[in-house]
1. Which residues, counting only those in region 118-142, are away from the ligand (no atom under 14 Å from the Cβ) and surrounded by 19 or more Cβ atoms within 10 Å (Cβ to Cβ)?
2. Take region 28-48 and flag every residue that is buried (at least 17 other Cβ atoms within 10 Å of the Cβ) and either under 28 Å from the mean Cα position of the chain (by Cα) or part of a loop (DSSP other than H, G, I, E, B) (or both).
3. Among the listed residues 125, 95, 83, which satisfies the condition of being within 23 Å of residue 147 (Cβ to Cβ) and in contact with an Asp or Glu (Cβ under 6 Å, 6 or more places away or on another chain)?
4. Would you confirm, using the coordinates I've provided, whether residue 96 is surrounded by fewer than 16 Cβ atoms within 10 Å (Cβ to Cβ), over 27 Å from the mean Cα position of the chain (by Cα) and more than 16 Å from the ligand (Cβ to nearest atom)?
5. Within region 287-298, is there a residue that is touching a strand residue (DSSP E or B) at 6+ places or on another chain (Cβ under 8 Å) and crowded, with 17+ Cβ neighbours inside 10 Å?
6. If you check residue 17 against the conditions, is it assigned by TED's automatic domain parsing to the domain that holds residue 117, free of Cβ contacts under 8 Å to residues at least 24 places away in the same chain, closer than 21 Å to residue 125 by Cα and of a type outside the set (Ser, Thr, Tyr)?
7. Can you pull out every residue in region 80-113 that is hydroxyl-bearing (Ser, Thr, Tyr) and modelled with pLDDT of 90 or more?
8. Considering only region 192-246, state which residues are surrounded by fewer than 17 Cβ atoms within 10 Å (Cβ to Cβ), more than 16 Å from the ligand (Cβ to nearest atom) and under 25 Å from the mean Cα position of the chain (by Cα).
Amino acid sequence: MDLSGNPIPELLPDVAALIDSMPEPRLFISADYRVLAANRAYREQFGVPEDLSHHFCYELSHHISVPCDQAGESCPLKTCRDTGEASRVLHIHHTPRGQEHVDVEVAPIRDRAGRVLFYVETVRTVRRARSGPSAEGLVGRSPAFNRLIALLERVAPSDATVLLLGESGTGKELAAQALHDASTRARGPFVAVDCAGVTETLFGSELFGYEKGAFTGASTRKTGLVEAAAGGTLFFDEIGDMPLCLQVKLLRLLESGTFRRVGGLEPLRANFRLVLATHRDIKAMVEEGTFRRDLYYRISAFPIRVPSLRERREDLPLLVDSLLQRLCQQRRSLHPDALAALLEHKFPGNIRELRNILERACLLADGDTILPEHLPEDLEPVTDYVKEAAEEEIVPLEEAERRYLRWALERHGSDRRLLAQKLGLGERTLYRKLKDAGV
Ligand SMILES: Nc1ncnc2c1ncn2[C@@H]1O[C@H](COP(=O)(O)OP(=O)(O)OP(=O)(O)O)[C@@H](O)[C@H]1O
């Protein structure tokens, strides 16, 4: 029987017993969000009320009284109901341990005739991201950050090459490490190679190692980074800074999957998962001829954009608390006026800049509280296009709209769907307007 009309089908107890043996936390839900059963793993990890019969999934996981899709969140059950296909999203759920990032997947369970009986929701805790202050790892809870985590979670278990793009200091290296930790190679090594400022000779011997006697001073055999990364992840940081002559060598390694130590004859098989990062626009570099097109195609199968701090401004208080835990011996907090000043700052250097500002402030502050005077004097304000427009002469309406859109995007643009909603526009109209305005 279809569960949207809710009596529970007779086969549910059998299926519930079956999923009890499954190791991942699972819920059975009806089309109208009612929780029908929770398996043992779910009960153990998330704890549920004795009697589930009067509970809805959104109450259990979000502590809200309306379905997620009516509360501005994407709801995998709704998508699954609409499309008939499984749907997977990243959410932040309430758990006995506080709020946690979880990877939620909802799939329909059908009878022989193909009618949907009910839905099964699998909930996997994402351990690589923290939604509360934390002394280590990636922290954040903004839509832009959650999108990054969702992509990292999706691609991590595969061996696909990942290219992390984003401004300096946004956390690309931390994201690469998180990707490794979430991969099947997590027990293997994570080896980072900094491509900025490498010379051809150094690169060869660093990357591939050398045999004893390969050149003057090579008194013993040296293992290179490619060999050291066997079974793990090889992370090329600042790949956009790699000179063209070295790009050829890298391409050869990727194409052949083999390498030779300097001075060695025997080809050795490489065994690493490739992750790369750059703050440069390498697509534009390809057009300019400063980055090899063939290498670009080889490494850009799965690009992930790491958002700037401006796109995830709402994470700033959480980042401040986390970084203060990491930086200061004693417990320190930020005065509300100091936080307000930081919220107004542009942060061209992103989280690294925030970290440096806080490190300096910790040294300057005598007490437990960081005050505005402990922050740099030259904090650069976010351009206030609205104020700018108001202070000037009357401008054409089109120009005012362009400025407003730029402001709205800078301040609230991390979730474009929500932004479109707030502006009273369809998402496609917003995209068109942004394109027309050159934003
Ligand atoms: N989400 C985050 N949560 C906590 N700390 C973060 C986060 N993202 C970045 N950081 C911190 O910000 C600093 C810069 O991060 P990272 O070195 O990973 O940036 P990057 O993008 O690789 O920079 P670059 O392009 O200059 O190499 C580090 O100290 C890192 O620990």
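1. Those that are away from the ligand (no atom under 14 Å from the Cβ) and surrounded by 19 or more Cβ atoms within 10 Å (Cβ to Cβ): 118, 119, 120, 121, 122, 123.
2. Residues of region 28-48 buried (at least 17 other Cβ atoms within 10 Å of the Cβ): 28-31, 33-39, 41-42, 45-46.
Matches in region 28-48: 30, 31, 33, 39, 41, 42, 45, 46.
3. On the way: 95 fails: in contact with an Asp or Glu (Cβ under 6 Å, 6 or more places away or on another chain); 83 fails: in contact with an Asp or Glu (Cβ under 6 Å, 6 or more places away or on another chain).
The conditions single out 125.
4. Working: surrounded by fewer than 16 Cβ atoms within 10 Å (Cβ to Cβ): yes; over 27 Å from the mean Cα position of the chain (by Cα): no; more than 16 Å from the ligand (Cβ to nearest atom): yes.
For residue 96, the condition - surrounded by fewer than 16 Cβ atoms within 10 Å (Cβ to Cβ), over 27 Å from the mean Cα position of the chain (by Cα) and more than 16 Å from the ligand (Cβ to nearest atom) - is not met.
5. Looking only at region 287-298, we keep the residues that are touching a strand residue (DSSP E or B) at 6+ places or on another chain (Cβ under 8 Å), and these are none.
For region 287-298, residues touching a strand residue (DSSP E or B) at 6+ places or on another chain (Cβ under 8 Å) and crowded, with 17+ Cβ neighbours inside 10 Å: absent.
6. Working: assigned by TED's automatic domain parsing to the domain that holds residue 117: yes; free of Cβ contacts under 8 Å to residues at least 24 places away in the same chain: yes; closer than 21 Å to residue 125 by Cα: no; of a type outside the set (Ser, Thr, Tyr): yes.
Here the answer is no, as residue 17 does not meet what is asked.
7. Within region 80-113, the subset hydroxyl-bearing (Ser, Thr, Tyr) is 83, 87, 95.
Across region 80-113, the qualifying residues are 83, 87.
8. 231
The values are calculated or read from the model by the stated rules, or taken from the named source; none is laboratory data. Given the structure is predicted, the values throughout are model-derived calculations rather than measurements. Quick reminder, even Gly has a Cβ in these numbers, built from the backbone with ideal geometry, and neighbours come from all protein chains shown.
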